[in-house]
Amino acid sequence: MASAVDNIGPIGFIGAGTVGTVLGIALSRSGYRVSKVASRTRDSADTLAEAIPGCEAVSDPTKVADACDLVFLTVPDDAIREVAASVRWRLANTVVHCSGATRLEALAPALEAGAVTGAFHPLQTFAGAGASSDEVPSTLPGSSFGIEAPDPALRTRLHQMAANLNCEAIDLQSEARALYHVSAVMASNHLVTLIADAAGLWGEFGLDRSSGLRALLPLVRGTVRNLERQGLPAALTGPVARGDVGTVEENLSALERQPEELVAVHQAMTRRTLRLAREKGRISEDDAAGILALLEGEAAEPKAGGDAER
């Protein structure tokens, strides 16, 4: 690893928010020389610089470009183009943004100035991360980085950087970035919203959302373990996967007094779960038809002989 790190000159960051903090500290601890950081607020730059040995906070982003060969733009997505246009780039610069959804076109001002451009997006969540937290770099190992780099040398460099961070590298094309990012939003952000709604239902039977969250988190962790160990669709469990038409009907009835938006989400997710249950292959076509009929607003047909154990 040392030789691969030594081949990269000084690294700088423009933007000292959550992603800049995580990546800057992690790269420094992996042997990279992170030497300059600038941010919209000087306090943020100072805080990150203090957490990285040998790093200096500067007020002018162009000073980062002057001193560093590789510059990461870790600013909000909507600010990438504006920041890229505000810096005086050198021919020796390599400029990389860390957005999941933003195309490389946002770095056009740097490219037009002769810099090499690319993207290095950590496929991970860093809610509330701070520069002083030991948890910051520990969140990265095992994660993936979405990499876009038309220049082969930069692509190789970013692949090696991901490996040095104990992460996987995924090559992306610009046209794929939006779907890639939607996938991440669904798996992370939508999951938080879904858990918030699930925990919120606990208020209907006398407990608050915090109690619901505390009780549901072990279930969420168990589900993630099943996904890791068994993959898809084998990790799917529950009434739809078993074909328990009666239980699905009770669940739908229990939500009748809830907001229409929540009911619609549950129905849509039940439909998607039914597709996955069919892929898993444990549900009969009769049971699948019964669940679909419920979702279409039809009464479930009683099973002959009662419910059978599955």
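Before moving on, here are some points about what is shown:
- Footprinting exposure proxy for W89, W202 (fewest neighbouring C-beta atoms within 10 Å first): W202, W89
- 3J(HN,Hα) from dihedral phi, segment 77-91, Karplus parametrisation 6.51/-1.76/1.60, rounded to Hz, x for glycine, proline: 3, 5, 9, 4, 4, 4, 5, 4, 7, 8, 9, 8, 7, 10, 4
- Full extension of the segment from S144 to R282, taken as 0.36 nm per residue of separation minus the current Cα-Cα distance, would add 46.4 nm.
- Proportion of all alpha-carbon pairs of segment 182-295 beyond 24 Å (%): 30
- In Hz, Karplus ³J(HN,Hα) per residue of segment 235-241 (6.51, -1.76, 1.60; θ = phi - 60°; x = Gly, Pro): 6, 5, 10, x, x, 5, 4
- Correct option for Cα extents along the principal axes in Å [calculated from the coordinates] among (i) 57, 42, 38; (ii) 96, 54, 41; (iii) 78, 41, 34: (iii)
- Distance (nanometres) between label positions extended 7 Å along Cα→Cβ at D78 and D151: 3.0
- The chain - percent relative contact order, Cα under 8 Å, separation 6 or more: 11
- DSSP bridge orientation in the chain - percent antiparallel, rounded to nearest 5: 20
- Here the residues S253, S188, ranked from fewest to most Cβ neighbours within 10 Å of their Cβ, fall in the order S253, S188.
- The angle between the Cα long axis of helix 42-51 and the main principal axis of the chain comes to about 90°, on a 0 to 90 degree scale.
- Antiparallel content of DSSP bridges confined to segment 2-172, in %, to 5: 20
- Note on segment 2-172: percent of Cα-Cα distances in each 10 Å bin, starting at 0 and stopping at the bin with the largest distance, equals 11, 44, 39, 5.
- In sequence order, calculated HN-Hα J values of segment 168-177 (Karplus, 6.51, -1.76, 1.60; Hz; x Gly/Pro): 9, 10, 10, 7, 10, 9, 4, 5, 8, 4
- Fewest-first ordering of T94, T62 by other beta carbons within 10 Å of each residue's beta carbon gives T62, T94.
- Under-5 Å amide H pairs with G9, H placed in peptide plane, nonlocal only: none
- Using Cβ point charges alone (K and R +1, D and E -1), the dipole size of the chain about the Cα centre works out to roughly 860 debye.
Each reported figure results from applying straightforward, stated rules to the coordinates on display, with no laboratory input. If you're wondering where the values come from, they're calculated on a predicted model, not measured in any experiment. Cβ: placed from backbone, ideal geometry, glycine included. Neighbour counts: every protein chain shown.
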